[in-house]
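Heads up, the thing below is written out as structure tokens.
The numbers here are math on the coordinates, done by the rules we state, and not lab data. Worth saying up front: this structure is predicted, and the values here are computed from it rather than measured. Every residue, glycine among them, receives a Cβ derived from its backbone with ideal geometry; neighbour counts consider all protein chains shown.
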Amino acid sequence: MSGGGSIICDFIAHTVPFYFLLIATRPELFNVTRTPSSDRTMDLGLAEDHFSRPVGSLVASDIEQLKLAIEECKKLILELPEHSERQKDTVVKLIHLRLKLQELKDPEEDEPNLRILLEHRFSKEKSKSVKQTCDKCSTIIWGLIQTWYTCTGCYYRCHSKCMNLITKPCVRSKVSHQSEYELSICPEIGLDRQDYRCAECRSPVSLRGVPSEARQCDYTGQYYCSTCHWNDTAVIPARVIHNWEFEPRKVCRSSMRYLTLMIPRPVLKLKEINPLLFNFVEELVEIRKLRQDILLMKPYFITCKEAMEARLLLQLQDRQHFVENDDMYSLQDLIDISTGRLSCSLTEIHTTFAKHIKLDCERCQAKGFVCELCKEGDILFPFDSHTSVCHDCSAVFHRDCYYDNSTTCPKCTRFTERKQDDIPEEKKA
């Protein structure tokens, strides 16, 4: 009860001043009109515990009494001296009565738990938090007395009453069908090309703020109204790839949701988009080498029973693309590289993998190589920093031996000789 009580107290703390303001300025919102003050004594007809019985025992007359009490309470608020203690207590009483009426009406029976609209999959929320904001009308969602929904795909939130007004399809569908970023930095086309209208809802906008302020999205370069652009900020992929810049910029709501869903997806092939980036960012070179080593370790693990039982490759389950290729990056990868987080975690995983192959597992140790050029030294592995690998047969040699050797790879030479021996004499002639 203490948790629920604190929520109600917070709700009252936010709502009481709001009720006073509405009563003073717009009494018509309460469906009442000011009447001359009278000597009418009013008990509201209700004790605090009158409606505290189990819901199953309530009858229609209880709801009717509650509605009458609410009407009487609203009239009394307008008749009492403004900002008096008694008026304040009556406002609190009105709030409690409205909450109780909402409970008795049981809106969950009237509203479906799941609604599908424009590829959104809206799920009815049970949370009573009052700190959410409707993405459609940009007003607060009063969870205690209002029904609201959240899209399970793009996390679009809105009142139940606003759902039929939604015109923007679910962003997750765009992510599924078009997983690529805008790679031009703020590709502005100009407000005149937009006919001085919001790029999303098409409501009139102006740089002077009349009738509505035009706000630019740094990701799309287009202008939006204040309902579609809340001055949210996000890291812009184009600025990261071209300038290695991670300062968050202002984006519209739809761009914010799109970038949030796209951030873990490995869709950036840096060596094609901007290969010069590796010349200026040392951390990228380090990460690329670690990823190349992990790909060389992968064949050891998928043929090793102990490694499969230990599920070593699952240490990279949050970055599955690291065990598939070494050239695709997600925006989250680049953000973590800039902060140093990825380098630390990947180095630790690299050390664990190398320890299993070179020290802990006899099966993996047996798959090592001896340098056939000098026939000396320790067992070599393709991911060792001092080795070189033949591109044709994958044999491993000391780097110095490989580059100093003027002849071809000994293993490749043997393969060539065997093929020659398998050719019949008549074909050789």
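For this structure, a couple of remarks:
- Full-stretch length increase - MET308, ALA366 - with 0.36 nm per residue and alpha-carbon distance subtracted: 19.2 nm
- Exposure proxy for ARG414, ARG399, ARG172: other Cβ atoms within 10 Å of each Cβ, ordered fewest to most, give ARG414, ARG399, ARG172.
- Net charge of Cβ neighbours under 12 Å - reference GLU372; Lys, Arg +1; Asp, Glu -1: +2
- Translational diffusion of region 179-262, µm² s⁻¹ [Kirkwood Rh, Cα pairs; Stokes-Einstein; 20 °C; 1.002 mPa s]: 166 µm²/s
- Spacing of the modelled spin labels on GLU180 and ASN279, each 7 Å from Cα toward Cβ, amounts to 2.6 nm.
- Approximate spin-label separation GLU272-TRP142, in nm, with each point projected 7 Å along Cα-to-Cβ: 5.4 nm
- Using a simple spin-label model with pseudo-atoms 7 Å out from Cα toward Cβ, ASP421 and ASP327 lie 3.8 nm apart.
- Packing-based ranking of 330-339, 148-157 yields 148-157, 330-339, ordered from highest to lowest mean Cβ neighbour count within 10 Å.
- Highest-first arrangement of 361-369, 217-225, where packing means the average Cβ count within 10 Å: 217-225, 361-369
- Per-pair calculated FRET efficiency, R0 = 41 Å: LYS126 and GLU348 via Cβ, rounded to 0.05: 0.55
- Hydrodynamic estimate: the Kirkwood radius of region 252-326 over Cα pairs, inserted into Stokes-Einstein at 25 °C and 0.890 mPa s, corresponds to D of 167 µm²/s.
- Placing one equal scatterer on every Cα of region 272-365 and applying the Debye formula, the log10 ratio I(q)/I(0) at q = 0.12, 0.18 Å⁻¹ is -0.40, -0.81.
- Principal axis box of region 114-165, alpha-carbon based, largest edge first, Å: 27, 20, 16
- Electrostatic bookkeeping for VAL235 treats Lys and Arg as +1 and Asp and Glu as -1; over the other residues with beta carbon under 13 Å from its beta carbon, the sum is -3.
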